[in-house]
Amino acid sequence: MIDIHCHPLPETDDGAKSFEIAMAMCQMAAKDGTTHLVATPHCNYRYPFDAQANRVKLKELQAAVGDCPKLLLGCDFHLSYDNLRRLAGNGSDFSINNTQYLLVEFADHFIPEQMDNVFYEIEMAGLVPILTHPERNPVIQRKPELLYQWVLRGCLTQITAMSYVGGFGTKAQALSEQWLERNMVHFFASDGHDLTHRPPVLSSCYNKVVSARSKNVADLLFETNPSAVINGASLPAPPPPLGPKEAGRKKGWLSILRR
């Protein structure tokens, strides 16, 4: 499995609080089956993002951890006016492994109505937005159909593994399950921050996806799609997202077939 969103860099943001915890997080991820892990420190008003300092920390952590997991660098990029201006300078500083893929995080309490303009600015910087943990965002929880519109226009979606297995409450779990059924999920990632409350583990989520959908779908979301991202390649053509009416019809047919 490949984890494209995690916070193991020590003393960088609200992730690993020490080098020892950072090492233990990486070892935990490797033991759980993660082969590649993208360190994605926050870039927001609270945590300044220093690309060069992060590269140094990543190199030191990789040397201490060994060959597995393979550590790569990205960013948990907060969508703000100031940050969007920074993309025009050197967007690859913030992207996953210097590719065209950028993890973008919404504010918890406000999302602009004209998000198409924001996504356009990201795309004009040569980047593809991957929307991080929308199932946990209070605004999107109140207006979940926003995600359908964004996926239709080409945005990619990353769901937190713990959300899908119930670790962030029933609302986040229900949205994760619903969006997966509607072909609106492209990645699961740990968003790991520590060893206990938000650990960097994916296997329980992977196993649930296998049971709910299939092993092929689980491999796509945990390996094939993330592998394309870290290598800067195109994702396999996804099935079209299902709108509310289409999802309702699909649910109706499934209930008939299961009688």
Practice problem: Kindly check whether there is at least one residue in region 99-106 that is closer than 30 Å to Gln27 by Cβ, more than 13 Å from the chain's Cα centre (by Cα) and in contact (Cβ under 8 Å) with a residue 60 or more places away in the chain. | Solution: yes
Quiz item: From Leu102, Leu87, which residue is closer than 18 Å to Pro41 by Cβ, crowded, with 18+ Cβ neighbours inside 10 Å, modelled with pLDDT under 90 and not small (Gly, Ala, Ser)?
Solution: Leu87
Practice problem: Look at Thr35 and say whether it is touching a strand residue (DSSP E or B) at 6+ places or on another chain (Cβ under 9 Å), among the polar types (S, T, N, Q) and either touching a residue at least 60 places away in the same chain (Cβ under 8 Å) or exposed (fewer than 14 other Cβ atoms within 10 Å of the Cβ) (or both). | Solution: no
Quiz item: Can you tell me which residues in region 161-198 are in a helix (DSSP H, G or I) and under 26 Å from Lys17 (Cβ atoms)?
Solution: Ala161, Met162, Ser163, Ala172
Quiz prompt | Search result, residues across region 9-37 that are more than 14 Å from Pro200 (Cβ to Cβ) and hydrophobic (A, V, I, L, M, F, W, C) | solution = Phe19
Self-check item: Of all residues making up region 109-125, the number that are in a loop (DSSP other than H, G, I, E, B) and either out of contact with any helix residue (DSSP H, G or I) (no Cβ under 6 Å at 6 or more places or on another chain) or basic (Lys, Arg) (or both)
Solution: 5
Quiz item: Considering region 211-223 alone, what residues qualify as being surrounded by fewer than 15 Cβ atoms within 10 Å (Cβ to Cβ) and part of a helix (DSSP H, G or I)?
Solution: Ser211, Ala212, Lys215, Asn216
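With the structure loaded, tell me whether Asp67 is over 15 Å from the mean Cα position of the chain (by Cα), farther than 21 Å from Asn231 by Cα, surrounded by fewer than 18 Cβ atoms within 10 Å (Cβ to Cβ) and of a type outside the set (S, T, N, Q) or whether it fails that test. Reasoning before the result, please.
On the way: over 15 Å from the mean Cα position of the chain (by Cα): yes; farther than 21 Å from Asn231 by Cα: no; surrounded by fewer than 18 Cβ atoms within 10 Å (Cβ to Cβ): yes; of a type outside the set (S, T, N, Q): yes.
Considered against the rule, which asks whether it is over 15 Å from the mean Cα position of the chain (by Cα), farther than 21 Å from Asn231 by Cα, surrounded by fewer than 18 Cβ atoms within 10 Å (Cβ to Cβ) and of a type outside the set (S, T, N, Q), Asp67 comes out as no.
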Self-check item: Sole exception among (1) touching a Cys at 6+ places or on another chain (Cβ under 6 Å); (2) assigned to a loop (DSSP other than H, G, I, E, B) for Leu131, by number
Solution: (2)
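Quick one: which of Leu152, Leu220, Leu147 is more than 30 Å from Phe19 (Cβ to Cβ), touching a Ser or Thr at 6+ places or on another chain (Cβ under 8 Å) and of a type in the set (A, V, I, L, M, F, W, C)?
On inspection, the qualifying residue turns out to be Leu147.
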Quiz item: Can you name the residue in region 153-166 that is more than 21 Å from Arg142 (Cβ to Cβ) and over 15 Å from the mean Cα position of the chain (by Cα) and, of all such residues, is surrounded by the fewest Cβ atoms within 10 Å (Cβ to Cβ)?
Solution: Gly154
Quiz prompt | Any chance Ala233 is in a helix (DSSP H, G or I), aliphatic (A, V, I, L, M) and modelled with pLDDT of 95 or more | solution = no
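The values are calculated or read from the model by the stated rules, or taken from the named source; none is laboratory data. Not measured: the values here are computed from a predicted model. Methodologically, a virtual Cβ is constructed for each residue, glycine included, from the backbone with ideal geometry; neighbour enumeration extends over all protein chains shown.
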